[in-house]
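Where a number appears in this text, it was derived from the coordinates with a stated rule and is not lab data. As the structure is a computational prediction, the values presented were derived from the model and not from experiment. Positions of Cβ are generated from backbone atoms using ideal geometry, with glycine treated the same way; all protein chains shown enter the neighbour counts.
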Amino acid sequence: MIKFGLVGYGAWGQQHEWAIRNHPEAELSFILSSSMKKSNHTAGVPVYDDLDVALAQHAIDVLDVVVPNHLHAHYAKIGLSKGLHVLLEKPIATSTKDAETIIKSWEASGNLLYVGYELRLSTLWKRVKELVRSGAIGQLLWIDVSLERHPFRQGKGAWRYQAELVGNWMIEEAVHHIDLITWLTDTNIQPQSIDTIFPNGNLAMAEHCSTTLHFPSGMLATYRYCLIAEGHHLIVTIYGEKGSVRGEWHGITDRTLEPTYSVTLRQAGVATTIDDLPASGELFELQAEIAEMIACVKGEKSPPLSPYEALDNLKLAMAIQQSGGEGK
C-alpha cells in the first residue's frame, strides 16, 4: 500500500480524498486542515492542524498538497526536505522564484515531484495528441483553444479572488490550457512573441482574455477564455496542411460525472467523429492521477511532465499576463 497524507481539505481536496480512498493500492493516513474539526470527519482518518505533528505520528510515502496557490511552495519544500514524494496541484507556485526553489529542493531530494496537470491523462486529449502525432493532418499551422466556464468557486476565505493568494487567474485556470497548447503540438520551446488583450482592463482576475502566440516554427496559437459563462466548455482545434482535428468537452460544471465529449478528424473535406472514448473529465482524470502517482512511487512509470515543464508553463502564463498588462 502507498500511504498518503493529504494537505488541504477544500472542495478539490475532498475530491483527492475520494480518489485516494477509491484506489485499491492507496491508503489515506491523515488530513491536514486548519479549519476542519475532527468531529466533522466521520471516516476514521485523523485530522491535524500541524504537519510536523501529523508526520511524527504517521509514516507516509506521498504528501498530497491541495492548498491555495500561495502555499504550494511552502508545503512542497517541507515534503521534499522530509524525504517524501510530493503530489502538488498546479500551478507549481505563484512566482518563478518560488518554483525554482521547489525544483532545487526536488533535485536535492532524489524523490518524486509530480505536478498535477491532469489534462495530460485525459482520454479525450490523449486521442487528439495521437492523431496529431500520426501525421493525419500534416504539418501543423495553427492551434486554437477556447474556454467558457462558470465563475470560480471562491474557496476558503475567498482565496481565488485575492491576487496575493491566487497569483492571477492565468495561473489558476488558463495554465492548464497553455500546457495543452505546447503538449498537444509537441512544441517544446517558448513562443517568440505574445499579444494579449484583457478587454476589461489589466486585472490579475480578468474575466475575459484573448492571446496570440507566434512560435519560431511558424505555428500560430490562439487562446481565449470567458470565466463568467454558463457550464464548462473547452474546445481545441488543431489545423494542419492536410486537415484538422477538433476536441470538445462540455459539462454542467468541470466536475460533472456526465459530460459530453468528442473528437472530430477532418481530411479532404470529410469529417469523421469519434465519440466512443472512455470517460473523460476532471474527476476521471484525478482518479488516473492518483493511479499514476502510485505507479511512479513503485518505479513503474514517470510523471507525465517534469517539474521543469511545470516551470515553463508558469513562465509562459506569466508572460501572457505581462503582455496583457503592458499592452505589448
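Data for the structure
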| quantity | calculated |
| --- | --- |
| Mean projected area in nm² (Cα convex hull; one quarter of hull surface) for the chain | 16.8 |
| Tensor-based shape of the range 185-328 (alpha-carbon gyration tensor, a/c under 1.5 rounded, otherwise prolate or oblate) | rounded |
| Extension gain, Val270 back to Ser217 (0.36 nm per residue minus Cα-Cα distance, nm) | 16.3 nm |
| For the chain, built as a Gaussian network whose Cα springs stay under 10 Å, the top-fluctuating residue of Lys129, Lys77, Lys104 | Lys104 |
| Separation in nanometres of the label points that stand 7 Å from Cα toward Cβ, at Ser210 and Lys301 | 3.9 |
| Antiparallel bridge percentage (DSSP; both residues within the chain; nearest 5) | 60 |
| Theoretical ellipticity at 222 nm over the chain - DSSP helices of four or more residues, -39500 (n - 2.57) apiece, nearest 500 | -9500 deg cm²/dmol |
| Fluctuation leader among His233, His250, His74 - the chain, Gaussian network, Cα springs under 10 angstrom | His74 |
| Amide H partners (placed H, <5 Å) of Asp254, local residues excluded | none |
| Gained length - Arg255 relative to Glu164, 0.36 nm times residue gap less alpha-carbon distance | 30.2 nm |
| Tyr48 long-range amide H proximity, modeled H, under 5 Å | Ile31, Leu32, Ser33 |
| 5 angstrom amide H check on Gly116, placed H, neighbours 5+ away | Leu88, Glu89, Lys90 |
| Simple Cβ-charge dipole of the chain, Lys/Arg +1 and Asp/Glu -1, about Cα centre, in debye nearest 20 | 120 |
| Gain upon complete extension [Gln15, Trp142; 0.36 nm per residue less C-alpha separation] | 42.2 nm |
| Paramagnetic reach from Ile189 (point 7 Å along Cα→Cβ, amide N under 12 Å) across the range 216-234 | 216-219 |
| Ala108-Glu27 FRET efficiency (beta carbon distance; Förster radius 22 Å; 0.05 resolution) | 0.20 |
